[in-house]
Amino acid sequence: MPKPSSPTNRAPEVALVLPMLPDIEVAAVRLAGEIGRFMRLEDNKVDEIEMALIEACINAFEHSQDPQRKVEIRFYLRPDELEIWVTDHGRGFDYSQVHPPDIESRLHSESKRGWGLKIIESLMDELVVDSQLGSGTSLRMTKKR
């Protein structure tokens, strides 16, 4: 996966670094909404971006164990799409070991968790997960115009 700063990915960029504090993902969501409206995306697409970003931030906050206790978010504004990177520098995980939750077993269990990546995938046009054990995780989420 090319890094956001590679020459093939040059686009106007907005960057935000969030400390891992309760409810701080709301700041990122408000920024995402403003960027979506600036790009004149349809309201339903802006809503989907906001919901996906909430999930991505909460996943990073809860699972990364980032010693820096922060999440980096970068928005790349392109004529045909909005690309969002959510990056932590935590423990990482083996994405090949993440399986879609079984709806039947989750409905009847006490834990209803484990849907974050599936939700993001359903809301965005593209989701790419780059996670390295011990080096953190980057989610690249793309919403087409």
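The values are calculated or read from the model by the stated rules, or taken from the named source; none is laboratory data. These figures come from a predicted structure and were not determined experimentally. Backbone-built Cβ (ideal geometry, glycine too); neighbour counts: all protein chains shown.
Remark: pairs (first residue in region 117-139, surrounded by fewer than 17 Cβ atoms within 10 Å (Cβ to Cβ) and charged (D, E, K, R); second residue in a helix (DSSP H, G or I) and modelled with pLDDT under 95; Cβ separation under 9 Å; 6+ apart in sequence or on different chains) = Asp130/Tyr95. Screening region 1-51 for residues that are modelled with pLDDT under 95 and among the basic types (Lys, Arg) and picking the one that is nearest to Ile120 (Cα to Cα) gives Lys3.
Is there a residue in region 17-30 that is farther than 16 Å from Arg69 by Cα and over 15 Å from the mean Cα position of the chain (by Cα)? Looking for residues that are farther than 16 Å from Arg69 by Cα and over 15 Å from the mean Cα position of the chain (by Cα), one finds none in region 17-30, hence no. Just one of the numbered conditions (1) in contact (Cβ under 8 Å) with a residue 40 or more places away in the chain; (2) in a helix (DSSP H, G or I) is not true of Gly33: (1). Of the set (1) surrounded by fewer than 21 Cβ atoms within 10 Å (Cβ to Cβ); (2) of a type in the set (D, E, K, R); (3) at pLDDT 95 or above, all apply to Lys143 but (1).
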